[in-house]
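The next block holds one structure in the form of structure tokens; read it before the comments.
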Amino acid sequence: MQLLEANKKNIAFAAEVIKNGGLVSFPTETVYGLGADGLNPIASAKIFEAKNRPSFNPLILHIAEIETLNTIAEWKNPNVEKLIKKFWPGPLTLVLPKREIVPELVTAGNPTVAVRMPDHKVALELIRQSGTPIAAPSANRFGQLSPTDAQHVVKQLKNKVDVILNGGQCSVGVESTILEITDDKIYLLRHGGLILEEIEALVGKIIIKPHHASKPNSPGQLMFHYSPSIPMKFLSEASLGEFKGKNIGVIFFKNKYLKENFAFEKILSPTGDLREAAANLFAYLHEFEKEKIDVILIEPVEEKGLGSAIMDRLKKATNKYK
Ligand code: TXA
Ligand code: MG
């Protein structure tokens, strides 16, 4: 594994690695991706291997030019153009009927393909120079925390990737919002960095797809996902009582509203800004994992705007320890 600064020369080198069927972890505005040539099934298979990912989980293809979308997907719904025009590049993934050229492995046998154009210079340049859509899940081991800086990738995937491009911290910090678009309907598959309210303002009401826990469309729909290695629960009088006398790590949303001192404590956003909170969330959880604590108690946030994406991840992470 080579950890390289994301400069021009190293991006060109990483693009060669992609072209030759290798694995490159790269920064996007949401989280770091674990990328391979998305039209090469053998290269893409390495992703599942590296992540220890159940093979029923399809991958997102990352593109740098709108024209590429036509070569990998087809659609009739006119909302697709509207959404792309307004939100790409950005934290929005569209699931559309796939074209033949997209390997079955990438879509896990689904007739649809997930596509997004990341809003990050390094990612866009890497995709352009690779000359192919880059298939990339978040660059974490399956079920673990998503990486929001290069060190998080090093920690989880050190010996599993050829190159990690270090482009600093991700500005959004939670994964993209995923919409499935059929001829006449739009479904939300995963809350994410683009808030639902903004999307609905453009295209009207969106249907939230119910969970099918046994055969999820999206691992985002699995009940235990995004879990830190230390037990995590929501902060409440009950959870504080339950862990009395133990080493407790606490994550507050906006301010420390409890008098007692805890073994480790942090505030997601002192200004109460959900964007900042989302950007810090995974980074903080990675920090808490390194501390000698028995439990992480985290303050819930209001389920509005980005708060829905944050709570979605927290509910999944805390479910494991119920
Ligand atoms: O922000 C992001 O989306 C990041 C960065 C790297 O782009 N990527 C990411 O990928 O979060 P991943 O693999 O961790 O999550 C992608 C989600 C999965 O839950 C997957 O099941 C879903 O997208 N997905 C992909 N293709 C799909 C399809 N054809 N139908 C339904 N869901 C799909
Ligand atoms: Mg993921």
Would you check which residues across the range 28-74 are β-branched (V, I, T) and either open to solvent by 40 Å² or more (accessible area, probe 1.4 Å) or under 15 Å from I101 (Cα atoms) (or both) and list them? I42, I60, I63, I66, T68, T71, I72
Which of (1) among the acidic types (D, E); (2) within 23 Å of D149 (Cβ to Cβ); (3) within 16 Å of ligand 2 (Cβ to nearest atom) does E49 not meet, given it meets every other one? (2)
Between L179, L165, L126, which is within 26 Å of I310 (Cβ to Cβ) and open to solvent by less than 10 Å² (accessible area, probe 1.4 Å)? L179
Count - residues of the range 276-295 that are surrounded by fewer than 22 Cβ atoms within 10 Å (Cβ to Cβ) and small (G, A, S): 1
Quick one: in the range 258-273, which of the residues that are open to solvent by less than 50 Å² (accessible area, probe 1.4 Å) and touching a strand residue (DSSP E or B) at 6+ places or on another chain (Cβ under 9 Å) is farthest from E237 (Cα to Cα)? L268
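Residue-by-condition table, conditions (1) within 11 Å of ligand 1 (Cβ to nearest atom); (2) part of a loop (DSSP other than H, G, I, E, B):
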residue	(1), (2)
E125	no, no
T132	no, yes
K155	no, no
V161	no, yes
I164	no, no
Q169	no, yes
L179	yes, no
Does S146 meet the test of being surrounded by fewer than 24 Cβ atoms within 10 Å (Cβ to Cβ) and in a loop (DSSP other than H, G, I, E, B)? no
For the range 105-118, name all the residues that are on the phi > 0 side of the Ramachandran plot and either away from ligand 2 (no atom under 16 Å from the Cβ) or part of a strand (DSSP E or B) (or both). G109
Entirely in the range 221-322, the strands (runs of 3 or more DSSP E) that have 3 or more residues that are hydrophobic (A, V, I, L, M, F, W, C): 248-252, 295-298
Pull out all pairs, ordered by first then second residue, where Cβ-Cβ is under 6 Å, the residues are six or more apart or on different chains, the first lies in the range 259-288 and is without any contact (Cβ under 8 Å) to a residue 24 or more places away in the chain, and the second is of a type in the set (D, E) and open to solvent by 30 Å² or more (accessible area, probe 1.4 Å). S269/E276
If you scan the range 124-152, which residues turn out to be of a type in the set (A, V, I, L, M) and within 16 Å of ligand 2 (Cβ to nearest atom)? I134, A135, A136, A139, L145
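The values are calculated or read from the model by the stated rules, or taken from the named source; none is laboratory data. Since this is a predicted model, take the numbers as computed values, not measurements. Backbone-built Cβ (ideal geometry, glycine too); neighbour counts: all protein chains shown. Quick note on the areas: whole protein, heavy atoms, side chains included, nothing else; ligands and nucleic acids left out. Shrake-Rupley method; radii C 1.70, N 1.55, O 1.52, S 1.80 Å.
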